[in-house]
Amino acid sequence: MPRTTETPWWRDAVIYQVYPRSWADSDGDGVGDLPGITARLPHLAELGVDAVWLSPFYTSPQNDAGYDVADYRDVDPLFGTLDDFDALVAEAHGLGLKVVVDVVPNHSSSEHAWFRAALASPPGSPERARYVFRDGRGEGGDEPPNNWQSTFGGSAWTRVTEPDGTKGQWYLHLFDSTQPDFDWTNPEVREELEDVLRFWLDRGADGFRIDVAHGLVKADGLPDANPDYDLATDPTNSQPMWDQEGVHEIYRSWRRIADSYATPGDPDSERLLCAEAWVVPAENLVKYVRPDELHQSFNFEYLMTPWIAAEQREAVAQALEHAAAVGAPQTWVLSNHDVVRHASRLGYPQTPGARRVPGVGPEHEQPDAELGLRRARAATTLMLSLPGSAYVYQGEELGLPDVTDLPHEHRQDPTWHRSGPADVGRDGCRVPMAWESDAPAYGFNDTGRSWLPQPASYGRLAVDTQRGVEGSTLELYRTLLRLRRERGLGTGELTWLDLGQDVVAFSVTATDGTATTVVANLGRAPVALPDGEVLVTSEPLADGRLGVDTTAWLAG
Ligand code: GLC
């Protein structure tokens, strides 16, 4: 389908998330790096995605795997150098791939020069005003300034020792104590982060994924949160640290910057801004993608929707309706570096209305791997047919399961250290990629070192065991991505079909009139397919019928 200014690349792009620590390791130290990624980019060109999103590779003490940035304008030596980044961008562009980088504007690392200066400066100083420092409550200021909790567990406040050795102020951190929140009411913070955007755009970045995009602005006066807040019973998400009106002005200004890098009339030159915003209800989330704000926002509601036909239909219909109301494309995602991989998530009984799936550890009931993979393939076949843009997380194209039995001694996620054993954290989805079944570290590097141990199942699913093998998950993804592009699914219009209550069925009509029928069987018995040439199925058909937990695309 030819691109027009109405259909710039990001409206239907399939974007592949690389977690730099875990994709390819060129120097063999057990942690992935930028030269490793560059060398493996042909895998993405062959897969048929449009862009690669890189999780943070900036200078960082790595307390939250790089989401704790100490220098926003440099590459951590662990991952390489700025020259390595330039080489990666050049190679990606040469292969026709866009490069999206991660910007972390809610907080820096406590090792950032600004935070060090804040600690060395007195209360009330301009250095402290870049972060959220407050006096404590109670006698001697011994109590935190309010009752906010860190997302990773424990209080969201840490007390400092003042330069003169006395017990001092407290600073806010919605995540780990080594991730102090910036104060976005301070113009200096705004200018700094805008300058960071320009720095990476000038180096050739095609866009940004914006970390914790809904957290930057806090309610005036930092009022206590409702300690009994329960998302399940109050879906308005009305908490003083999230989704405050003030964030939208920031993104309007960011949009102007992104737009200033595009060549007028060239839809391929547009720069993408995508929000990581865990915001409900959907009416609030779509405010982030109004025409003068961001281009996309992750659709986590879809990611969390159980594999139950009525709930899938509802999630897709609602998402399309809300996005259309503001003229934005919808985005679809099933896995990322923060959630249990969908090949494992779907290997559990599906509970109506259930949402978040907590991390799984060796002490928990383990998922049914075969069922999970089958459903994951069906779910992806459904997802990649949907109009809009889709995100694919590294390794899902191999059907990699989450490492749900990772021994605790290997865990590095601060969630585990702050909340374990209640929450085992996210290491299970971050285990390094498998390229070659018979190589050290399954081809992740050539020394065999790996910052998290890889399970034997990864070897059996390595790229070289699936490439060119009919029916493999890798070949399924390649076929889906090719057909999606050829048939213009990403910019099509969806019309619902009624094929029974356990079936999710619709047709997608591309702008040139090409129609594709999509049928997913989430029931307990095989179903008949409508007429039409079968283009692809997530599992082989049985006697021409669509089996349980199987999705098909048909022409017409
Ligand atoms: C986002 C990231 C997550 C990180 C957190 C704090 O949610 O996706 O990995 O821990 O922000 O930066």
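Some values worked out for this structure:
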read-out	value
Per residue, in Å², the accessible surface of segment 113-172 once ligands and nucleic acids are set aside, probe 1.4 Å	49
Surface accessible to a 1.4 Å probe, Leu44 within the full protein complex, Å²	0
Mean separation of Cα contacts under 8 Å, 6 or more apart, over the residue count of the chain: relative contact order %	13
FRET E, pair Glu486, Asp543, Förster distance 25 Å, beta-carbon r, rounded to 0.05	0.30
Calculated FRET value between Glu493 and Lys167, using beta carbons and R₀ = 51 Å, to 0.05	0.25
Probe 1.4 Å - accessible area at Asp71, Å² to nearest ten	60
Under 12 Å from the Cα of Lys218 - aspartates and glutamates, other chains or at least 8 residues apart	Asp181, Asp183, Asp243, Glu245
Segment 345-482, relative contact order [Cα under 8 Å, separation at least 6], %	22
MRE, 222 nm, helices only [DSSP H, n ≥ 4, -39500 (n - 2.57), over the chain, to nearest 500]	-7500 deg cm²/dmol
HN-Hα J in Hz across segment 330-339 - Karplus 6.51, -1.76, 1.60, θ = phi - 60°, x for Gly and Pro	7, 10, 10, 8, 10, 9, 7, 7, 10, 10
Simple spin-label estimate for Asp446 and Gln501 in nanometres, 7 Å along Cα-Cβ	6.0
Accessible surface of segment 225-374, 1.4 Å probe, proportion on carbon and sulfur as whole %	55
Extension gain (nm, one decimal) between Glu6 and Thr514, 0.36 nm per residue minus Cα-Cα	181.0 nm
Sites Ala525 and Asp230 - FRET efficiency at Förster radius 51 Å, r taken between beta-carbons, to 0.05	0.85
Once exposed loop GluC sites (Glu not before Pro) are cut out (DSSP; at most 10 other Cβ, 10 Å), longest piece of the chain	7-244
Per-residue ³J(HN,Hα) for segment 413-420, Karplus 6.51 cos²θ - 1.76 cosθ + 1.60, θ = phi - 60°, Hz, x for Gly and Pro	5, x, 4, 5, 6, 8, 10, x
Percent of beta bridges antiparallel (DSSP, the chain, rounded to nearest 5)	60
Charge dipole of the chain about the Cα centre (unit charges at C-beta), most positive-ward option of Pro264, Pro440, His112	Pro264
Long-range amide H partners of Val69 with built H, under 5 Å	Ser109
Length released on extending from Arg256 to Asp29, taking residue separation times 0.36 nm less the Cα-Cα span	77.6 nm
Exposure of Thr473 as accessible area (Å², to 10), given a probe of 1.4 Å and all protein chains	10
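The values are calculated or read from the model by the stated rules, or taken from the named source; none is laboratory data. This structure is a prediction, so every number in the text was calculated from the model and none was measured. Quick reminder, even Gly has a Cβ in these numbers, built from the backbone with ideal geometry, and neighbours come from all protein chains shown. Heavy atoms of the whole protein, side chains included, go into the accessibility calculation; ligands, DNA and RNA do not. Shrake-Rupley method; radii C 1.70, N 1.55, O 1.52, S 1.80 Å.
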